[in-house]
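Okay, here's the structure, questions in a sec.
The values are calculated or read from the model by the stated rules, or taken from the named source; none is laboratory data. As the structure is a computational prediction, the values presented were derived from the model and not from experiment. Here the Cβ positions follow ideal geometry from the backbone for every residue, glycine too, while neighbour counts run over all protein chains shown. These area figures cover heavy atoms from the full protein model, side chains too; ligands, DNA and RNA do not enter into them. Shrake-Rupley method; radii C 1.70, N 1.55, O 1.52, S 1.80 Å.
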Amino acid sequence: MKLSQIAIAIIIYFILNNQLIYAEKKYHRVRCRDVFCSDASKKERKDLIKLANERRGYKEPREPWDLRIRYLFSQTTKEKRNLNNTSIYLIWKKIGLGQSNLKYKQITNNNSLYNMHNSTLDISYTFGSNSTLTFGKGVVYKGKGIISFFDNNEVVTEKVNGESSFCIIGFEIGLFEILIGLRENHIKYSDFISTIDDNKHPGLDFDIQGKQWFFGGGLSF
């Protein structure tokens, strides 16, 4: 083999070797695209991307907190009956917790006044993001009922139990939500005691049952 051929072979070898080394270094520079890269490498890459975006004048979109605050109300007036219900909810991601307060008043034909109220602890689960569907259940944990008769006698109870089911549809517009829902109540007041004579138990029970539409709004963060 001639000396010139040997020289050409050596030059070709070094050129190919340098390309392989360069390719290997280039691969390590982008290794953080691999799911197995370290947390430090991921953070460094994320910071570099953020810095590059800032220099280009690009503003990264706000990361949502997956937090919703909702308020709903309902009022039904029919003849001499009035039913008022308000609810407030805090929803994080999909799980919601809240409270509903119900007030009921009725005047009967013999001028007896029924005045009832209770509070319900509600838990819910929400599907969707921009348009949402929420299902929930509530359990009565406190309340009071007063029945005033035409002869100024009253009976009172704080023994209230029952449950509620509800469904809410939400439409998100920016940070705001428009809400419409349906709530069904099954509540019972029992063990009334006379305010004149504590030993007198008339044996009255009073039930609140039925469905009610309610409306409201909310904020989504």
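So how do 167-178, 202-213 stack up, highest first, on mean other-Cβ count within 10 Å?
167-178, 202-213
Related question: What FRET efficiency, computed as 1/(1 + (r/R0)^6) with R0 = 45 Å and r the Cβ-Cβ distance, is obtained for TRP92 and ASN152, rounded to the nearest 0.05?
Between TRP92 and ASN152 the formula returns 0.35.
How much area per residue is accessible in the stretch 72-142 when the probe is 1.4 Å and only protein heavy atoms are counted (Å²)?
60 Å²
How much of the accessible area of the stretch 56-206, probe 1.4 Å, is carbon plus sulfur, in whole percent?
Carbon-and-sulfur percentage of accessible area, whole number: 57.
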